[in-house]
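Colleague: Take this structure, written in C-alpha cells, and hold onto it; I'll ask about it next.
The values are calculated or read from the model by the stated rules, or taken from the named source; none is laboratory data. Everything quoted here is computed from the prediction, not taken from an experiment. We place every Cβ from the backbone using ideal geometry, glycine too, and count neighbours over all the protein chains shown.
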Amino acid sequence: MSGTLGDLGEFGLIGALTERVPPGKHVPLGPGDDAAVVAAPDGRVVATTDLLVEGRHFRRDWSTAYDVGRKAAAQNLADVAAMGAQPTALLIGLVGPAELPVAWALELYDGLRDECAVVDAGVAGGDVVRGPAVMISVTALGDLQGRAPVTRAGARPGDLVAVAGWLGWSAAGLAILGHGHRNPRAFVEAHRRPEPPYDAGPAAARLGATAMLDVSDGLIADLGHLARASQVRVDLVGDLFDVPAQMRDVARAMGVDPLNWVLTGGEDHALVATFPSGTALSARWRVIGRVHPGDGVTVDGAEWAGTGGWDHFGG
Ligand SMILES: Nc1ncnc2c1ncn2[C@@H]1O[C@H](COP(=O)(O)OP(=O)(O)O)[C@@H](O)[C@H]1O
Ligand SMILES: Cc1ncc(C[n+]2csc(CCOP(=O)(O)OP(=O)(O)O)c2C)c(N)n1
Ligand SMILES: [Mg+2]
Ligand SMILES: [Mg+2]
Ligand SMILES: [Mg+2]
C-alpha cells in the first residue's frame with residue numbers, strides 16, 4: 001500500500017493493520033471493540049510491557065520495519081516465557097509521524113504477526129497516535145497453564161545457573177552496525193531479529209527451575225536483579241563460556257574483548273535459570289555457574305569491574 005499514515009487516516013490505518021495480524025487462538029474477541037477478550041483457562045495471566053523508541057531501540061536505517069516488528073514482539077514474548085508461561089496475545093501501541101509511509105507500518109505488523117506465530121500467539125488490539133518519532137509499545141499476555149510462575153526470587157545456594165539461547169550475538173551485531181558495517185551477517189541478523197528460546201521457558205518451569213529471567217540488558221546486569229531478588233550470590237565460571245571463533249575475529253578487528261559482549265551484551269533474550277543441583281537438564285541448557293550465599297554477581301569468584309549491561313539512564 002502506498003502513501004503515508006496522514007493519507008490513510010487513523011481508522012483506515014487501524015483497519016489496514018488489524019487485517020494483517022490474526023488475533024490468534026487464545027483471543028475470542030479481537031480488535032474492534034472497547035477491549036479484547038483473551039482466554040486464560042487456568043485463571044492466572046502473566047502481563048508484561050516494553051516500549052521501543054526509534055533511535056534508542058532501533059534505527060530505521062539499520063533495521064527494516066519487518067525486523068523491528070519481529071524484535072518488538074520477541075522482546076515481550078521472551079518476558080512471558082521467562083515467567084514459565086505460554087504467550088497468548090499482544091497489545092500494540094504505535095506512535096508515528098503523519099509522514100511515515102503506510103508500507104512501514106504494514107511491514108511492522110507483518111513482523112509482529114510472524115514472531116507471534118512462532119509461539120502460537122496473536123495481536124488482540126492496540127492504539128495508534130501521531131507523534132514526532134516512531135515508538136512502539138507492546139504489552140504481552142501469557143497463560144501459566146496451571147503452573148506456578150518462575151520468578152527472579154527463588155534461587156537457592158547450591159543451585160546450578162544455566163542458559164538457553166544466544167549470548168553476545170546481538171551486541172556484536174550492534175557494534176558492527178555502529179562501525180558502519182553490515183557484515184558478518186550472522187551477528188547483524190541476530191541484532192535485528194533475536195531468536196529467544198521461547199519453549200525453554202515453560203520447559204524450565206516443568207524441570208523445577210527456581211528462578212528465571214530473559215537477558216535483555218546483559219547477563220551480569222540481569223543476573224544482578226536475580227541475585228538481589230533471591231538474596232544470593234551468582235558466580236559465573238569463565239571457562240564455561242565458549243566464545244565462537246567468528247565472534248573472536250570480529251572483536252579482534254575492533255580491538256575489544258568478545259567476553260564483554262557475552263557477559264554484558266543485551267537483546268539476545270536468552271533465558272537464564274537456576275535449577276536445583278542434580279536436575280537432569282536437556283542439551284539446550286548450558287551450565288554457566290552456581291548460586292552461593294551472599295550477594296551480587298561474580299565471575300570466577302571476583303566482582304565484575306565495569307558496567308554489567310544496558311541502563312537507559314546510566315552514565
Ligand atoms: N514505569 C514503570 N512502572 C511500573 N513498573 C515498572 C515500570 N518500569 C519498569 N517496571 C517494572 O520493573 C521491573 C523491571 O523492569 P525491566 O528491567 O524493564 O524488566 P524487563 O527487562 O524484564 O523488561 C518489571 O517488573 C517492570 O514491570
Ligand atoms: C540504535 C540502538 N542503539 C542501542 C541499542 C542497544 N540497546 C537499546 S535498549 C537495550 C537494552 C534492552 O532494552 P530495554 O528497553 O532495557 O528492554 P527491557 O530490558 O525492558 O526488556 C540495548 C542493549 C539498540 N538496540 N539500538
Ligand atoms: Mg522492560
Ligand atoms: Mg525481562
Ligand atoms: Mg532493560
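To keep it simple, each residue is scored yes or no on (1) modelled with pLDDT under 95; (2) in contact with a helix residue (DSSP H, G or I) (Cβ under 9 Å, 6 or more places away or on another chain); (3) surrounded by fewer than 19 Cβ atoms within 10 Å (Cβ to Cβ).
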{"site": "GLY3", "(1), (2), (3)": "no, yes, yes"}
{"site": "ALA16", "(1), (2), (3)": "no, yes, yes"}
{"site": "VAL21", "(1), (2), (3)": "no, yes, no"}
{"site": "PRO41", "(1), (2), (3)": "yes, no, yes"}
{"site": "LYS71", "(1), (2), (3)": "no, yes, no"}
{"site": "ALA89", "(1), (2), (3)": "no, yes, no"}
{"site": "ALA105", "(1), (2), (3)": "no, yes, no"}
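Colleague: Turning to a different aspect of this structure: Sort through LEU13, LEU17, LEU52, LEU5 and tell me the only one that's within 16 Å of ligand 1 (Cβ to nearest atom) and touching a residue at least 24 places away in the same chain (Cβ under 8 Å).
Modeller: None of the others qualify; the one that does is LEU52.
Colleague: Small (Gly, Ala, Ser), more than 16 Å from ligand 4 (Cβ to nearest atom) and crowded, with 20+ Cβ neighbours inside 10 Å, is that true of ALA205?
Modeller: Taking the combined requirement at face value, the residue does not satisfy it.
Colleague: Any idea which of SER137, SER230 is of a type in the set (Ser, Thr, Tyr), away from ligand 3 (no atom under 16 Å from the Cβ) and touching a strand residue (DSSP E or B) at 6+ places or on another chain (Cβ under 8 Å)?
Modeller: Of the residues listed, the single one that is of a type in the set (Ser, Thr, Tyr), away from ligand 3 (no atom under 16 Å from the Cβ) and touching a strand residue (DSSP E or B) at 6+ places or on another chain (Cβ under 8 Å) is SER230.
Colleague: Of all the residues that make up region 57-69, how many are within 16 Å of ligand 3 (Cβ to nearest atom) and either in a loop (DSSP other than H, G, I, E, B) or among the polar types (S, T, N, Q) (or both)?
Modeller: Final tally of qualifying residues: 1.
Colleague: So which residues in region 125-173 are in a loop (DSSP other than H, G, I, E, B), more than 30 Å from GLY208 (Cβ to Cβ) and either charged (D, E, K, R) or touching a residue at least 60 places away in the same chain (Cβ under 8 Å) (or both), if there are any at all?
Modeller: Passing the criteria: ALA133, VAL134.
Colleague: Another question, then. Which one is farthest from ligand 3 (Cβ to nearest atom) among residues in region 36-56 that are under 17 Å from TYR109 (Cα atoms) and over 12 Å from the mean Cα position of the chain (by Cα)?
Modeller: GLU54
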